[in-house]
Amino acid sequence: MSETSTGGAARAASTAVSAVSTANWRRAGVAGVAIGVVAAGAAAGVAVERLTVGRGMRKKARLALDAAGPYGALRGMPGRATAEDGTELYYEVDETDPAGGEAPRRRRLFGRRSPAPVTVVFSHGYCLSQDAWHFQRAALRSVVRTVHWDQRSHGRSERGRAQADGVPVDIDQLGRDLKAVIDAAAPEGPLVLVGHSMGGMTVMALADQYPELIRDRVVGVALVGTSSGRLGEVNFGLPTAGVNVVRRVLPGVLNALGARAELVERGRRATADLFAGIIKRYSFASRDVDPAVARFAERLIEATPIDVVAEFYPAFQNHDKAEALKHFAGLPVLVLAGDADLVTPSEHSEAIGDALPDAELVIVPEAGHLVMMEHPETVTDRLADLLTRAGAVASAATVRSYGSTAPPDGR
């Protein structure tokens, strides 16, 4: 980043701090845009470039991309699990579909059942939903039993009831939510746990609180673009001046924005092009990422209300599950990250790999935080290999190739 852009980010940060102290957040939407510019850093240039195109044309382009890319349209058998605080957690199950239609009759001994199939449970990240795994879901459909769920306050799950009563979210709560989903959707049989970003932290929290579940039932783990701790040290690709200001003021800014959610949501819609640039910078690293995929990511993130964004953010500063990794020792483990991830940098995945020396560590070139959407075939290939090693599928060759633009076989 040039000295000019560094100075610009620092000046923007200073302006944001001034806005906090003098305006008292009476204009929360404008202040939200200011802090967004600080967080975006060099992405501000992308936003300015977008503003040179007519708003009507940009709106038509977004509608065209939404119609062209059927991403996030895959659905399975719906279900609901109840968390310990009463929050209803939404999940979907994709069952296997034996080739040739109806499964052949199996001869069984009296009193003995066929073993339960392996179930792969996918946990998504912060400000996303189960649909973030669209490409891997399409590739694995009918091959292996899968469960996709929405974290509390995300997607189709209910707003966290404890949070409505003022109880802050923490990663341990998410681990208990995952246990509730497993109890409801996969109460028996072997498990493979797959988590991206916050979802990977959720898997670690599950292991920390239910080590016996890991020992008795888990046969494989995939941790994608995630971290076992020290997230307070991440600089988000910002210069020192900018990141120091962001760390100091962002929690208070998010709380102020969350308290004025309706006003801020109107501001988000009015500044959709600016936030599209920010989302793209922090989601992808490739210059030629499919525009329909980029728009898909925008839709997922835009669907997360600002008060939920504010509610979850503090949990990451306290996240520390390095000790929980020991419960995965001896299991087939995949640790995968993008080499240009600005949210959970690849060094965090390397630290997980150091703690689990037998794990497969994959750093994907030219990949950002949403690596499973940016390079879906790479992620699916490594995941298929993990499922083979875990005994979940007979061969990685049975998993369909599904790139970023291929149709999901009409399903």
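The values are calculated or read from the model by the stated rules, or taken from the named source; none is laboratory data. In this text, all values refer to a predicted model and were calculated from it rather than measured experimentally. Cβ coordinates were reconstructed from backbone atoms using ideal geometry, including for glycine residues, and neighbour counts include every protein chain displayed. Heavy atoms of the whole protein, side chains included, go into the accessibility calculation; ligands, DNA and RNA do not. Shrake-Rupley method; radii C 1.70, N 1.55, O 1.52, S 1.80 Å.
Okay, here's what the table says:
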read-out: Net lengthening on full extension, residue 209/residue 339 (0.36 nm per residue, minus Cα-Cα); value: 43.7 nm
read-out: Under 18 Å from the residue 394 label point (7 Å along Cα→beta-carbon), backbone N, segment 191-232; value: none
read-out: Long-range HN-HN contacts of residue 145 with modeled amide H, under 5 Å; value: 96, 120
read-out: Amide H within-cut-off set for residue 229, under 5 Å, with H built and near neighbours excluded; value: 321
read-out: Residue 73-residue 287 pseudo-label distance in nm [points 7 Å out on the Cα-to-Cβ vector]; value: 3.2
read-out: Chymotrypsin sites (Phe, Trp or Tyr not before Pro) within segment 109-177: DSSP coil, no more than 14 neighbouring Cβ in 10 Å; value: 110
read-out: DSSP-assigned coil residues among chymotrypsin sites (Phe, Trp or Tyr not before Pro) in segment 281-387, each with at most 16 further Cβ atoms within 10 Å; value: none
read-out: Neighbourhood charge, 13 Å Cβ-Cβ cut-off, centred on residue 125 and excluding it, Lys, Arg +1 and Asp, Glu -1; value: -3
read-out: Segment 288-368 - accessible surface per residue (Å², probe 1.4 Å); value: 41
read-out: Alpha-carbon centroid distance for the pair segment 152-172 / segment 362-393, whole angstrom; value: 29
read-out: Additional length obtainable on full extension of the chain from residue 164 to residue 216, 0.36 nm per residue less Cα span; value: 15.2 nm
read-out: Pairwise label distance in nanometres, residue 88 with residue 366, each label 7 Å out on the Cα-Cβ vector; value: 4.5
read-out: Candidate residues 395, 227: accessible-area rank, largest first, probe 1.4 Å; value: 395, 227
